[in-house]
Amino acid sequence: MTEKMSSTMRCWVAGEEPGLENMELTTRPRPVAKPGYVVVKTEAAALNFSDILMVDEKYQVRPPRPFTPGQEVAGTIVEVAAVSQWNVGDRIASKVLWGGFAEYTSVREDMMIPVPDQMSFSEAAALPVVYLTSMVALHDCVSVGPDDRVLVHAAAGGVGLAAVEIAHAAGAQVIATAGSTDKLALAAEHGADVLINYRDEDWKDQVNAATDGLGATIIVDPVGGDVAIQSLRCIARRGALLIVGFASGKIAQLPSNYLLLKNVTARGVVLDHDRDADVIRRLTGLTAALLEQGKIKPVVDTRFELSDLPQALKALGRRETVGKLVLRVHSQDVA
């Protein structure tokens, strides 16, 4: 079945040369359904730091150029293949490898998450990457629980705020770092127990003081660079440093002697729907349960429309946002 619609769509295309300045809002043929894939009318498309890296050709995933960036969408299914477990009209959210900054998106059926009627598409667009990434970090890489002291960097960002909520729901002590009073207040609203401005030179000492000198048992780090290195000064013995990303633009060269002295584990966190399907299925179920219980509530920033993508990516890169930055693509049901 197919919704009556145009054969073309507006979408952003990253050109042959890297850089945001080489992106263009243009018209391309809309995708068509095929086995294993549906076509979704994109109501909302969420932004990630990895989008900037991908456009700049600095990310580990490098699509053939030119390409349409965007890895996180929510919307309504408008076309399915002849055989599909999904139906036209179903509300879904999904991660995509790329292609999300467009009016219509081709989405793999095994990556999709059903969206309840009471949830806005903008909230739903925050789920597939940041919440599942934080779930993988805290419920697969480690098993967070009431005995843990969890330090979350960039705690008012997408991944950070999700990690705050998930750690709080597990009963852990949550220590949040962010760069302003307003951002720290937001982290507190979502479950952070200790608030630290990372611009304070003694933020490591503050973490140690908040944990009675024991340090954080788990550190969630979406920032990288010097933040990752300095985090080893306030990590607990046998603690885990979970490397989620490099929002600072710098990849940390971790001193192995620090890992050795405290028997610390440094572990990367990544979503792989092909290799970790069972894990992702389990964590998707846990995410849905926490949503239903009201223990997680995505915070979204929807001030940008599809045509504003370059400005939105620049705002994200300058850390001028809180929560999850989401583009309004079609205006229906977007908070």
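The values are calculated or read from the model by the stated rules, or taken from the named source; none is laboratory data. In this text the structure is predicted, and so the values were computed from the model without any measurement. Backbone-built Cβ (ideal geometry, glycine too); neighbour counts: all protein chains shown. Note: accessible area is taken over every heavy atom of the protein model, side chains too, but ligands, DNA and RNA are not part of it. Shrake-Rupley method; radii C 1.70, N 1.55, O 1.52, S 1.80 Å.
A few comments on the model shown:
- Taking the helices alone, the chain has a mean residue ellipticity at 222 nm of -7000 deg cm²/dmol, built from -39,500 (n - 2.57) per DSSP H run of at least 4 residues and averaged over all its residues.
- Rounded to the nearest 10 degrees, the inclination of helix 277-292 to the longest alpha-carbon principal axis of the chain is 80 degrees.
- Extension reserve of the Gln60-Arg282 stretch, reckoned as 0.36 nm per residue once the Cα distance is removed: 77.3 nm
- Ellipsoid fit via the Cα gyration tensor, the range 38-168: semi-axes of 27, 19, 12 Å, each the root of five times an eigenvalue, largest first.
- Ordering of 89-97, 220-228 by packing is 220-228, 89-97, highest average first (other Cβ atoms within 10 Å, averaged per residue).
- Taking 27 Å as the limit for the C-alpha separation, the pairs Lys34/Lys95; Lys250/Lys324; Lys34/Lys324; Lys262/Lys295 exceed it in the case of Lys34/Lys324; Lys262/Lys295.
- Contact order normalised by residue count of the range 103-206, Cα under 8 Å, 6+ apart, percent: 20
- In summary, the aspartates and glutamates within cross-link reach of Lys297, defined as a Cα separation below 16 angstrom excluding same-chain residues under 8 places away, comprise Asp117, Glu123, Glu165, Glu189.
- Placing pseudo-labels 7 Å out from each Cα toward the beta carbon at Val32 and Gln230 gives an inter-label distance of 5.5 nm.
- Net charge contributed by nearby residues that have their C-beta within less than 15 Å of Glu201 (K/R +1, D/E -1): -1
- For the range 146-273, taking Cα atoms only, Rg and Dmax work out to 13.2, 40 Å respectively.
- Expressed as a whole percent, the accessible area of the range 166-210 that falls on carbon and sulfur atoms is 44 (1.4 Å probe).
- Here the range 56-119 is treated as a sphere whose radius is the Kirkwood value from Cα pairs; by Stokes-Einstein at 20 °C and 1.002 mPa s it diffuses with a coefficient of 165 µm²/s.
- Label sites at Arg318 and Gln253, each approximated as a point 7 angstrom past Cα along Cα to Cβ, lie 3.1 nm apart.
- With all protein chains kept in place, the per residue accessible area of the range 1-160 amounts to 39 square angstrom at a probe of 1.4 angstrom.
- Alpha carbon centroid spacing (whole Å) that separates the range 219-242 from the range 76-92: 43
- Element breakdown for the range 1-123 at a 1.4 angstrom probe: carbon and sulfur atoms account for 51% of the accessible area.
- Three-way shape call for the range 129-217 based on the alpha-carbon gyration tensor, with the a/c threshold at 1.5: oblate
- Rolling a 1.4 Å probe across the protein heavy atoms gives the range 264-335 an accessible surface of 53 Å² per residue.
- Aspartates and glutamates with Cα under 20 Å of Lys204, excluding same-chain neighbours fewer than 8 positions away: Asp148, Asp193, Asp212, Asp221, Asp226
- Accessible area of the range 244-335 belonging to carbon and sulfur atoms, whole % at 1.4 Å probe: 50
- For the range 165-209, accessible area per residue (1.4 Å probe, heavy atoms of protein chains only), Å²: 45
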